[in-house]
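Q: Shown below is the structure under consideration.
The values are calculated or read from the model by the stated rules, or taken from the named source; none is laboratory data. What you see is a predicted model; the values in this text were computed from it and never measured. All Cβ positions, even for glycine, are placed from backbone atoms using ideal geometry, and neighbour counts span all protein chains on display.
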Amino acid sequence: LYVTLEHKKLRTALNYILLNLAVANLFMVFGGFTTTMYTSMHGYFVLGRLGCNLEGFFATLGGEIALWSLVVLAIERWLVVCKPISNFRFGENHAIMGVAFTWIMASACAVPPLVGWSRYIPEGMQCSCGVDYYTRAEGFNNESFVVYMFVVHFMIPLIIVFFCYGRLLCAVKEAAAAQQESETTQRAEREVTRMVVIMVVAFLVCWVPYASVAWFIFTHQGSEFGPIFMTIPA
C-alpha cells in the first residue's frame, strides 16, 4: 500500500484491484485475526455480543472483498486477453467500478447477520465469531442465509473464475497454434498456463475447505462435531 501510494507509476487500473485485495487482508488481520489472538489467550470469546458482531463482520467483510477481488481480476484478464468486447480497454473507471462491486457484494454478505438475517456467534474453539451455520435458531432464518451464501458467494464466484481462466487458457493456446508454436509463444503459453493453474488452485484451497465444512455442518445440524472439525470454517 505504501509503495503504491508513493509511486504514481504503480497506480494502474490493475493495481487498484490488487490494492483492494491488500485492504481486504488488513480488515481480516486487524478486525479478525488480532481479535482472535486476544480472545484465544483467555480461552474463549471474552468481548461480548458487540465484540462478536464486530469481529464476525470485519472478518467476513475482509474475506468477501478478497473473494470478489479475485473474481474481478479473472474478469479483467478475460476482457483484456480474450477481447469478447471489441475495442474494449480496461481503464481506471472500470477498475473503480470493480472495486466498488467487491465492496457491494462483500457488504451483501457481511451486513445481513447484523440486522437479523442469520447472526454472528462464537464458533470453532469459541475464540472467534462467524455466521451461524450450526443452529436453526428461531427468528434468524439461518437456513435461507446459508443457502444464499453458498450459492451467491461461493458457487457463482467459482463458476466465473473457472469460465474466465478457462477462456483465457483457450485463447492463449489458439494464439500459439496460429503462430506455429514459436519459442516465444510456447514460453508465453507456459507462463499463462502456470498463472491460470496457480490462481484456480489458490482459489480452491482458500474457499473449498471453508465452504465444504460449513455446508456439511449446516446439513447435519443436531449431530455432534468436535471443536477441531468446527474450527475449519472458523
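Q: How many residues are farther than 22 Å from residue 218 by Cα and buried (at least 18 other Cβ atoms within 10 Å of the Cβ) when one looks only at segment 104-135?
A: 1
Q: Do any residues in segment 99-116 that are farther than 20 Å from residue 69 by Cα and at pLDDT below 95 have Cβ atoms under 8 Å from those of residues that are among the small types (Gly, Ala, Ser) and in a loop (DSSP other than H, G, I, E, B), where the two are at least six apart or on different chains, and which pairs are they?
A: Pairs that qualify, where the first residue is farther than 20 Å from residue 69 by Cα and at pLDDT below 95 and the partner is among the small types (Gly, Ala, Ser) and in a loop (DSSP other than H, G, I, E, B), are 116/139.
Q: Could you check, for segment 36-55, whether at least one of its residues is exposed (fewer than 14 other Cβ atoms within 10 Å of the Cβ), at pLDDT below 90 and within 23 Å of the chain's Cα centre (by Cα)?
A: Checked against the condition, which is being exposed (fewer than 14 other Cβ atoms within 10 Å of the Cβ), at pLDDT below 90 and within 23 Å of the chain's Cα centre (by Cα), segment 36-55 yields at least one hit.
Q: Quick check on this structure: which one of 131, 111 is β-branched (Val, Ile, Thr) and in contact with an Asp or Glu (Cβ under 9 Å, 6 or more places away or on another chain)? Steps first, answer last, please.
A: Details: 111 fails: in contact with an Asp or Glu (Cβ under 9 Å, 6 or more places away or on another chain).
Being β-branched (Val, Ile, Thr) and in contact with an Asp or Glu (Cβ under 9 Å, 6 or more places away or on another chain) holds for just one of 131, 111, which is 131.
Q: OK, next. Just for segment 157-194: of the residues that are of a type in the set (A, V, I, L, M) and either in contact with a strand residue (DSSP E or B) (Cβ under 7 Å, 6 or more places away or on another chain) or loosely packed, with under 14 Cβ neighbours inside 10 Å (or both), which one is modelled with the highest pLDDT? Even if it seems obvious, please write down each step before you answer.
A: Step one: filter segment 157-194 for residues of a type in the set (A, V, I, L, M), giving 158-161, 168-169, 171-172, 175-178, 188, 192.
From the residues that got through so far, the ones that are either in contact with a strand residue (DSSP E or B) (Cβ under 7 Å, 6 or more places away or on another chain) or loosely packed, with under 14 Cβ neighbours inside 10 Å (or both) too are 159, 177-178.
Details: 159: 94, 177: 69, 178: 68.
The qualifying residue modelled with the highest pLDDT is 159.
Q: Within segment 1-57, restricting attention to residues that are of a type in the set (Gly, Ala, Ser) and touching a helix residue (DSSP H, G or I) at 6+ places or on another chain (Cβ under 6 Å), which residue is nearest to residue 128 (Cα to Cα)?
A: That would be 32.
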